[in-house]
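Note sheet for the following structure.
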Amino acid sequence: MSKSIFLLRHGQTVFNAQQRLQGHCNSNLTDLGQHQAAAIGLSLQNKLANKRQWTIYSSPLGRAMQTAAIVAEQIGIDVSEIVQDARLQEFCLGDWEQAYIPDIKATQPRLCEQRDWYLMAPNAESYYAVKDRIEDFLADVSVPENVIVVSHGLTGAVFRGVYVGMTYNEVFSQDLPQDAYFLLANDKISRIQCDIHSVAAFAV
(Lines give C-alpha, C1' and ligand atoms only; values in the text may rest on other atoms or scores of the structure.)
Protein backbone atom coordinates (compact mmCIF):
# COMPACT_ATOMS: atom_id res chain seq x y z
CA MET A 1 0.00 0.00 0.00
CA SER A 2 1.42 3.35 -1.01
CA LYS A 3 -0.51 5.53 1.43
CA SER A 4 1.13 7.17 4.44
CA ILE A 5 -1.27 7.34 7.40
CA PHE A 6 -0.88 8.96 10.79
CA LEU A 7 -3.44 7.21 13.00
CA LEU A 8 -4.49 8.61 16.35
CA ARG A 9 -7.09 8.10 19.01
CA HIS A 10 -9.11 10.96 20.49
CA GLY A 11 -7.90 12.41 23.78
CA GLN A 12 -9.25 11.41 27.18
CA THR A 13 -12.97 12.11 27.58
CA VAL A 14 -15.19 12.62 30.61
CA PHE A 15 -16.50 9.07 30.17
CA ASN A 16 -12.94 7.69 29.90
CA ALA A 17 -12.11 9.35 33.21
CA GLN A 18 -15.31 7.97 34.77
CA GLN A 19 -14.62 4.44 33.40
CA ARG A 20 -17.79 4.49 31.31
CA LEU A 21 -18.21 2.96 27.88
CA GLN A 22 -18.98 5.29 24.97
CA GLY A 23 -19.27 3.46 21.67
CA HIS A 24 -21.51 5.57 19.42
CA CYS A 25 -22.55 7.90 22.23
CA ASN A 26 -20.26 10.77 23.16
CA SER A 27 -18.69 12.80 25.93
CA ASN A 28 -16.39 15.79 25.67
CA LEU A 29 -12.63 15.84 26.12
CA THR A 30 -11.31 16.52 29.60
CA ASP A 31 -8.56 19.12 30.12
CA LEU A 32 -6.07 16.24 29.96
CA GLY A 33 -7.68 15.03 26.71
CA GLN A 34 -7.29 18.48 25.18
CA HIS A 35 -3.62 18.54 26.19
CA GLN A 36 -3.13 15.07 24.68
CA ALA A 37 -4.67 16.21 21.40
CA ALA A 38 -2.54 19.35 21.37
CA ALA A 39 0.62 17.34 22.05
CA ILE A 40 -0.11 15.05 19.12
CA GLY A 41 -0.85 18.05 16.92
CA LEU A 42 2.42 19.69 17.90
CA SER A 43 4.33 16.47 17.24
CA LEU A 44 2.69 16.15 13.82
CA GLN A 45 3.39 19.79 13.02
CA ASN A 46 7.09 19.06 13.58
CA LYS A 47 6.99 15.97 11.36
CA LEU A 48 5.09 17.26 8.32
CA ALA A 49 7.39 18.85 5.77
CA ASN A 50 4.44 20.29 3.86
CA LYS A 51 1.06 20.48 5.61
CA ARG A 52 -0.65 21.08 2.24
CA GLN A 53 0.12 17.48 1.29
CA TRP A 54 -1.94 16.13 4.19
CA THR A 55 -5.68 15.74 4.74
CA ILE A 56 -7.32 15.09 8.10
CA TYR A 57 -10.03 12.41 8.15
CA SER A 58 -12.04 12.00 11.33
CA SER A 59 -14.75 9.87 12.82
CA PRO A 60 -17.88 12.04 12.98
CA LEU A 61 -18.35 11.34 16.70
CA GLY A 62 -17.93 14.47 18.80
CA ARG A 63 -14.86 13.45 20.80
CA ALA A 64 -12.97 12.59 17.61
CA MET A 65 -14.00 15.81 15.88
CA GLN A 66 -12.99 17.82 18.96
CA THR A 67 -9.58 16.13 18.85
CA ALA A 68 -9.27 16.62 15.09
CA ALA A 69 -9.99 20.35 15.47
CA ILE A 70 -7.25 20.76 18.09
CA VAL A 71 -4.79 18.78 15.96
CA ALA A 72 -5.67 20.84 12.88
CA GLU A 73 -5.13 24.07 14.81
CA GLN A 74 -1.68 22.93 15.97
CA ILE A 75 -0.66 21.89 12.46
CA GLY A 76 -2.11 24.96 10.77
CA ILE A 77 -4.83 23.22 8.76
CA ASP A 78 -8.23 24.91 8.51
CA VAL A 79 -10.79 23.06 10.64
CA SER A 80 -13.31 23.38 7.80
CA GLU A 81 -11.10 21.06 5.72
CA ILE A 82 -11.49 18.09 8.10
CA VAL A 83 -13.26 15.23 6.32
CA GLN A 84 -15.80 13.34 8.43
CA ASP A 85 -15.98 9.63 7.61
CA ALA A 86 -18.37 7.27 9.40
CA ARG A 87 -16.15 4.30 8.57
CA LEU A 88 -13.74 5.56 11.26
CA GLN A 89 -16.24 5.73 14.13
CA GLU A 90 -16.03 3.53 17.19
CA PHE A 91 -17.69 0.15 17.60
CA CYS A 92 -21.29 0.41 18.64
CA LEU A 93 -21.29 -1.17 22.11
CA GLY A 94 -25.01 -1.90 22.16
CA ASP A 95 -26.71 -2.15 25.53
CA TRP A 96 -23.50 -1.32 27.42
CA GLU A 97 -23.08 2.20 26.05
CA GLN A 98 -22.82 4.70 28.93
CA ALA A 99 -22.46 1.84 31.45
CA TYR A 100 -19.75 1.91 34.11
CA ILE A 101 -16.99 -0.62 33.43
CA PRO A 102 -16.55 -1.64 37.12
CA ASP A 103 -20.29 -2.41 37.31
CA ILE A 104 -20.14 -4.63 34.24
CA LYS A 105 -17.10 -6.51 35.52
CA ALA A 106 -18.63 -6.91 38.98
CA THR A 107 -21.61 -8.74 37.53
CA GLN A 108 -19.53 -10.68 34.98
CA PRO A 109 -16.07 -11.16 36.57
CA ARG A 110 -14.86 -13.59 33.91
CA LEU A 111 -14.92 -10.78 31.38
CA CYS A 112 -11.58 -9.64 32.79
CA GLU A 113 -10.01 -12.73 31.27
CA GLN A 114 -10.86 -11.60 27.72
CA ARG A 115 -9.14 -8.72 25.92
CA ASP A 116 -12.14 -8.36 23.59
CA TRP A 117 -14.70 -8.26 26.40
CA TYR A 118 -16.21 -5.03 25.04
CA LEU A 119 -17.68 -7.00 22.15
CA MET A 120 -19.64 -9.23 24.49
CA ALA A 121 -22.18 -6.41 24.96
CA PRO A 122 -25.73 -7.32 23.88
CA ASN A 123 -26.39 -5.81 20.44
CA ALA A 124 -22.76 -4.72 20.00
CA GLU A 125 -21.37 -4.19 16.52
CA SER A 126 -19.33 -7.18 15.38
CA TYR A 127 -15.59 -7.22 14.83
CA TYR A 128 -16.16 -8.22 11.21
CA ALA A 129 -18.49 -5.29 10.57
CA VAL A 130 -15.81 -2.86 11.74
CA LYS A 131 -13.09 -4.78 9.87
CA ASP A 132 -15.15 -4.46 6.68
CA ARG A 133 -15.49 -0.71 6.97
CA ILE A 134 -11.78 -0.24 7.68
CA GLU A 135 -10.88 -2.42 4.70
CA ASP A 136 -13.22 -0.30 2.60
CA PHE A 137 -11.53 2.89 3.82
CA LEU A 138 -8.04 1.58 3.08
CA ALA A 139 -9.07 0.46 -0.42
CA ASP A 140 -10.87 3.72 -1.21
CA VAL A 141 -9.04 5.42 -4.11
CA SER A 142 -10.72 8.75 -3.25
CA VAL A 143 -8.80 8.88 0.04
CA PRO A 144 -5.55 10.84 -0.56
CA GLU A 145 -2.09 9.30 -0.33
CA ASN A 146 -1.19 11.28 2.82
CA VAL A 147 -3.81 11.28 5.56
CA ILE A 148 -4.11 11.95 9.27
CA VAL A 149 -6.84 9.71 10.68
CA VAL A 150 -8.56 10.57 13.97
CA SER A 151 -10.43 7.54 15.26
CA HIS A 152 -11.02 5.61 18.50
CA GLY A 153 -9.41 3.01 20.72
CA LEU A 154 -11.01 -0.20 19.48
CA THR A 155 -11.52 0.90 15.89
CA GLY A 156 -7.93 2.15 15.81
CA ALA A 157 -6.72 -1.27 16.94
CA VAL A 158 -8.70 -2.92 14.14
CA PHE A 159 -7.33 -0.35 11.69
CA ARG A 160 -3.75 -1.26 12.61
CA GLY A 161 -4.60 -4.94 12.49
CA VAL A 162 -6.11 -4.72 9.02
CA TYR A 163 -3.15 -2.69 7.78
CA VAL A 164 -0.54 -5.35 8.63
CA GLY A 165 -2.73 -8.46 8.62
CA MET A 166 -2.87 -9.23 12.34
CA THR A 167 -4.84 -12.13 13.72
CA TYR A 168 -7.93 -11.45 15.83
CA ASN A 169 -6.01 -12.11 19.06
CA GLU A 170 -3.16 -9.85 17.96
CA VAL A 171 -5.61 -7.01 17.25
CA PHE A 172 -6.95 -7.10 20.80
CA SER A 173 -3.52 -7.47 22.39
CA GLN A 174 -2.52 -3.96 21.30
CA ASP A 175 -2.45 -0.95 23.58
CA LEU A 176 -4.92 1.89 23.04
CA PRO A 177 -2.91 5.03 23.83
CA GLN A 178 -4.17 8.58 24.06
CA ASP A 179 -0.69 10.08 24.50
CA ALA A 180 0.84 8.46 21.41
CA TYR A 181 -0.04 7.89 17.78
CA PHE A 182 1.06 5.68 14.89
CA LEU A 183 2.59 6.05 11.45
CA LEU A 184 1.38 3.42 9.01
CA ALA A 185 3.64 3.38 5.95
CA ASN A 186 5.39 0.84 3.75
CA ASP A 187 3.37 -1.97 5.38
CA LYS A 188 4.87 -1.20 8.80
CA ILE A 189 3.58 0.47 11.96
CA SER A 190 5.67 2.89 14.01
CA ARG A 191 4.54 4.16 17.43
CA ILE A 192 5.26 7.82 18.22
CA GLN A 193 5.14 8.90 21.86
CA CYS A 194 4.11 12.48 22.72
CA ASP A 195 5.26 14.77 25.50
CA ILE A 196 2.18 16.24 27.19
CA HIS A 197 4.38 18.72 29.07
CA SER A 198 5.37 20.31 25.76
CA VAL A 199 1.92 21.91 25.62
CA ALA A 200 1.57 22.76 29.30
CA ALA A 201 0.51 26.28 28.36
CA PHE A 202 -2.20 25.10 25.97
CA ALA A 203 -5.37 27.05 26.64
CA VAL A 204 -8.25 24.82 27.73
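The values are calculated or read from the model by the stated rules, or taken from the named source; none is laboratory data. As the structure is a computational prediction, the values presented were derived from the model and not from experiment. Heads up, the Cβs are rebuilt from the backbone with ideal geometry, glycines too, and the neighbour counts pull from every protein chain shown. With ligands, DNA and RNA removed, areas are computed over all heavy atoms of the protein, side chains included. Shrake-Rupley method; radii C 1.70, N 1.55, O 1.52, S 1.80 Å.
Computed values, structure above
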| item | result |
| --- | --- |
| Long-range amide H partners of Tyr57 with built H, under 5 Å | Val83, Ile148, Val149, Val150 |
| Shape of the chain, Cα gyration tensor, a/c cut at 1.5 | oblate |
| ³J(HN,Hα), Karplus 6.51/-1.76/1.60, whole Hz, each residue of region 141-151, x for Gly, Pro | 6, 7, 7, x, 5, 10, 9, 10, 10, 9, 10 |
| Pairs of lysine residues in the chain - Cα separation under 24 Å, sequence separation of 8 or more or cross-chain | 7 |
| Carbon + sulfur, % of accessible area of the chain - ligands and nucleic acids excluded, 1.4 Å | 47 percent |
| Contact order relative to length of region 4-193, as percent, for alpha carbon pairs under 8 angstrom and 6 or more apart | 32 percent |
| Solvent exposure of region 4-193 as accessible area per residue, Å², 1.4 Å probe | 45 Å² |
| Spin-label model distance (nm) - Asp187 vs Gln114, 7 Å beyond Cα toward Cβ | 3.3 nm |
| Neighbour net charge for Thr67 - beta-carbon separation under 15 angstrom, K R +1, D E -1 | -3 |
| Nearest-20 debye value, region 22-165 charge dipole, Cβ charges on Lys, Arg, Asp, Glu | 360 debye |
| Farthest toward positive dipole pole in region 4-193 [+1 Lys/Arg, -1 Asp/Glu at C-beta], among Asn169, Ser126, Gly41 | Gly41 |
| Selection from Asn186, Gln108, Ala157 lying farthest towards where the dipole of region 4-193 points positive, charges on Cβ | Asn186 |
